[in-house]
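Below is one structure, written out as structure tokens; comments come after it.
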Amino acid sequence: MLILISSLHIIASYHRYISLLYIIASYHRYISLLYIIASYHHYISSLAIIASQVSSLHIIAIYHC
């Protein structure tokens, strides 16, 4: 009976450890997704900045002519 209880205790501890790993993995995936979105957002912001600079140059060129 004692062996059964200790076995159940080990399984329960192991299950808690697996659950913890699963939570960390999910959290890591969530962080990775946020990181990808942030990188993509940075890329879009860079494109927007370049576009605004180009349009400014275009406006200057029109006024210059």
### Task
Report, in deg cm²/dmol and to the nearest 500, the calculated mean residue ellipticity at 222 nm for the chain, where each DSSP H run with n ≥ 4 adds -39500 (n - 2.57) and the sum is divided by the residue count.
-36500 deg cm²/dmol
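Eigenvalues of the Cα gyration tensor times 5, then square-rooted: what semi-axes does that give for the chain, in whole angstrom, largest first?
Details: eigenvalues 767, 3, 3 Å².
Three semi-axes, in Å: 62, 4, 4.
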### Query
Taking the Cα atoms only, what angle lies between the long axis of helix 2-64 and the longest principal axis of the chain, rounded to 10 degrees?
0 degrees
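Quick note: the coordinates plus some simple rules give every number you see, no bench work behind them. What you are looking at is a predicted structure, and each value in this text was computed from that prediction instead of being measured.
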